[in-house]
Amino acid sequence: MTDYMYIGLTVTGPTDEVTLIREALRERNEIGEEIIIDFSRLIPIPQEVMDPFTPQIQTDDHQVSYSPSWCERNWGASSNALYTEILDDKDGLFSVQFDTPWDFPYPILEKIVSSFPKLVFEGSAFENVDHFYMTFEGRNGEFSWQEGDYAESAASRRLRDAIERGYIVNLETRRGRPARIVLGDPMPEMVKLLPEPVELAA
């Protein structure tokens with residue numbers, strides 16, 4: 001079963017530059033559907049590469065050798081961005097989340113950051129199997145990252161989910177300040193899905 005790296009990215013800066021990166025990432029597939037983030041717009045696949053997504057696996061004398069696919073070597077991930085969703089899109093700000101199989105696409109993020117040095121990039125990524133969590137940023141064309149606390153990231157995700165559902169409210173609106181949490185909408189009533197054992201026995 002494929003394990004995924006869950007990635008969130010927020011881009012801020014001059015409105016015209018944010019517009020440029022938004023368009024630089026987008027593409028349309030062969031049936032006209034919009035692709036929000038297309039890695040091949042940043043690092044194109046050479047025409048001579050027949051199958052960029054499939055690794056080469058060879059068996060010889062009971063030994064198996066594995067050669068990464070073109071995408072793994074050049075994008076840092078075995079496929080394009082998956083399950084992409086725009087979280088915010090307005091003047092001077094573009095926020096998106098997406099997944100990649102197994103690995104973090106370091107070359108892609110490095111390419112994005114170096115191509116748009118006037119913008120500020122902030123984000124995080126995690127995957128559940130190895131309990132890996134990282135934060136990253138890009139400023140002045142330079143990309144950097146650091147490994148973080150997975151437990152803290154899990155708590156942050158649950159907090160963010162509760163805020164999005166309206167169950168709690170963060171009164172602090174300034175970036176970088178500690179959250180000021182208060183109760184929001186009441187939790188929904190418990191829904192009875194199965195009968196009680198005594199009801200079945202009756």
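If the condition is being surrounded by fewer than 17 Cβ atoms within 10 Å (Cβ to Cβ) and either closer than 22 Å to Glu48 by Cα or among the aromatic types (Phe, Trp, Tyr) (or both), then the range 71-94 contributes Arg73, Tyr83.
For (1) within 19 Å of Ala24 (Cβ to Cβ); (2) in the same structural domain as Ile36 (by TED's automatic domain parsing); (3) in contact with a helix residue (DSSP H, G or I) (Cβ under 6 Å, 6 or more places away or on another chain), each residue gets a yes or a no:
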residue: Ser78; (1), (2), (3): no, yes, yes
residue: Thr84; (1), (2), (3): yes, yes, no
residue: Pro101; (1), (2), (3): no, yes, no
residue: Tyr106; (1), (2), (3): yes, yes, no
residue: Phe126; (1), (2), (3): no, yes, yes
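Once the range 7-39 is narrowed to residues that are of a type in the set (Val, Ile, Thr) and exposed (fewer than 13 other Cβ atoms within 10 Å of the Cβ), the residue that is modelled with the highest pLDDT is Thr15.
Just to be sure, is Gly123 within 13 Å of the chain's Cα centre (by Cα) and modelled with pLDDT under 95? For Gly123, the condition - within 13 Å of the chain's Cα centre (by Cα) and modelled with pLDDT under 95 - is met. The single condition among (1) under 17 Å from Leu82 (Cα atoms); (2) assigned to a strand (DSSP E or B) that Val11 does not meet is (1).
The values are calculated or read from the model by the stated rules, or taken from the named source; none is laboratory data. Note that the structure is a prediction, hence the values are computed from the model and not measured. Here the Cβ is made from the backbone with ideal geometry for all residues, glycine too, and neighbour counts use every protein chain on show.
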